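The values are calculated or read from the model by the stated rules, or taken from the named source; none is laboratory data. Quantities reported herein were computed from a predicted structural model and do not represent experimental measurements. Because the Cβ atoms are built from the backbone with ideal geometry, glycine has one as well, and the counts that use them run over all protein chains shown. For the accessible areas, the whole protein counts, side chains as well, though only heavy atoms, and no ligand, DNA or RNA atoms are used. Shrake-Rupley method; radii C 1.70, N 1.55, O 1.52, S 1.80 Å.
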Amino acid sequence: MTGSNHSLTIIALAFCLYVFPAQTVTAQEVEADIDSLSENSARVDTVANVEDEGADPRRSRAWSVTSDQAAHIFTEDIVDFAAILPTIFPLDLGSVGQASSLVVRGGTPQQTAVSLHGLTLYEPIFGFPDASILPVALVEEVSFSGDAVQIHPAYGGIVQVRTMKLAEQRPYSRVHFRTGDWGYSDIGISFGLPVSRASHLTFTGNRQEFDGFLGERRNLVNSRFFGTFQFGPHPGLGIGAVVMFNRNKVDVPAPLLPDLAPNLDKPRRKSTRFDSQVSVRVGSLSKRGREFLLSAFFSRNRIESINDTTLFDNEAVTMGGTVQGDFSIGKHVVTLGGGLRVHDLESDNLEERADNFGYIFAAEKYEVTPVVTLGLRATLEKYEGYDLQFTPAARLDFALANGSQFWLDVSSSRRYPSFSERLWRSEFFRGNADLDFETRVAGEIGFQTGHKKSKLQSAAFVRNVNDWIGVIFTAADTSSPNVWNLDHRTVMGVELEFAQAFGAGGELGLSGSILRVSESEDEKQLQVPEYVLYPYVEFGRPLFENTVHIRLRVNGRIFGERAGLSYDAGTVFPRYVTRSSDAVFDAMFTLVFAGPTVKFSYENIFDLEYELVPGFSMPPRTLRFEIAWAFWD
């Protein structure tokens, strides 16, 4: 740690020790305050969320992480939530601000859709959004629905990030400051303001900086802002708006295709993104038997790659809208709807063009018995340049008397190639204008059970992708495309999440997944580990005459073999390599006062050298510190 960072940590710690003991609250009040924050002050917003209105029975049984669970780990972006979710794996490029993507169930980044507060984050240039742009300060839940009867036409699964809203007529604010090794700092503020009894707004913003480690140039400057506004004058009408802005400038220490080719000196990627959506809900499914949801969205995303000059400069504008109607008819809930969006590309490197995509769907939920529910979905979709496609899905849910749940579903979806996969042409990466779409057919069986002190959830799945889009490099051929439809890929897997409380304040748990992949190519292109395990054990108790609650947590991160592209010294064409299994351990110490929370995170305790993505070293032994303080007025 640099001297300046040591000083910041010492000053912040001294401030905490001086100020916080002056507050006299019991440990029970501390825990009550934590519960109050999660249950009374912040709950999932559904007014502006077209996809997430209510507990949608057509969505697959979701794997989820709540803000209460995330409070037990050190989270700087959504990538950190993957240490709790067994189904999502981030292709982590090793440091804050890198363009880390999310992969679900052995797929590819382009097969994963991401939704923030009901706003789908489209990224037509590379085909997947950068997970590090998502704010975490107001996040109430991160969930994943995979092989499911989706209302939203997700490619291979959708990661939904749901944010908080005020449930009381009291202003709320929170400030945080983080610092640590390698020049890391993060400062931010969040607030919620009731404008009237029928409306409120929320806002969060933060700025991150990072210098890099191991002698690598990884300088980062990142600013992001996120806000929502809700207006509900009566139960039959709700109007909502959401806005997000992100600006990120980061050095990239290794080649990153398609834009950052090998042998560049100090390459840097710069991105600026703006997203917005307005939604209207009319009616009430529970009270009136019908409900209508409409939304309009707009997104502008600019990506630049910079060396001595601008190497890659592309801007994509996505706009469109959705409409949906829900109707309750006896034991049936019928949903009809559709959507339209346009991707408009302005580029110095690719062809300037606009692609249209539209779909209509019909879905039904039928309560066969008080225990059994049947869900059906049928979708017709049309992407410009491709034929009209039909995608069906079905699922069964069983709710047992002891509170356990069991489900079974089959589904299908399609993934259309991104602009760079089709149009990018350079000496090092060549797109293919003749690419076909991927077709996925999948099945899942799972169960969930538990009681107050324990939880067990597991699922087994199989996914087959035909015409999956992969990358092949041949040094002897510099004219043909690198991107092809590579026949088929089949992924079979098992996912598990287990937690058990013990003693007065202890808990142990394990989440993870095991994948078995069959590919048509000789070189395996599975970029995620064949198995991932996240074990943890935690202890907590009140101290200092019940004025503070402490927690000590030890996490494990165990990664199986994974593949990726790697460049040998002096070469311009990569080859697929395999990284061996690794086990990384972290420790966290947390002090929870009535208002403030203080965290110390000691990561990679044994200073293991490892990579999740070849060429991008993960952080060595690292110490980080956080202080966050919530206020109610």
*Compute the FRET efficiency between Arg621 and Lys266 as 1/(1 + (r/R0)^6), taking r as their Cβ-Cβ distance and R0 = 25 Å, and round to the nearest 0.05.*
0.45
*Taking the simple approach of a point 7 Å from Cα along Cα-to-Cβ for both Thr571 and Leu376, what is their distance in nm?*
5.4 nm
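Would you mind getting the accessible area per residue of the stretch 255-375, heavy atoms of the protein chains only, 1.4 Å probe, in Å²? Before the final figure, lay out the partial values.
Working: 5680 Å² over 121 residues.
Ligands and nucleic acids excluded, the figure is 47 Å² per residue.
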*How would you rank 591-597, 102-108, highest first, on the average number of other Cβ atoms within 10 Å across their residues?*
102-108, 591-597
*Given labels modelled 7 Å from the Cα in the Cβ direction, how far is it in nm from Lys455 to Ile187?*
3.5 nm
_Cα-projected label distance for Ala401 with Ile360, points at 7 Å along beta-carbon direction, nm_ = 4.6 nm
*Which of the peptides 377-385, 419-427 is most tightly packed, and how do the rest follow, going by the mean number of other Cβ atoms within 10 Å of each residue?*
419-427, 377-385
*Want the number for Ser286 to Arg516: 0.36 nm per residue separation, take away the alpha-carbon distance, what's left?*
78.5 nm
_What's the ranking of 616-629, 400-413 by average number of surrounding C-beta atoms within 10 Å, highest first?_
616-629, 400-413
_For the stretch 269-347, take the convex hull of the Cα atoms, compute a quarter of its surface area, and give me that in nm², please._
6.6 nm²
*Determine the share of the stretch 512-633's accessible area contributed by carbon and sulfur atoms, expressed in whole percent, with a 1.4 angstrom probe.*
56 percent
*If we count every other residue with Cβ under 11 angstrom of Ala82's Cβ, Lys/Arg +1 and Asp/Glu -1, where does the sum land?*
-2
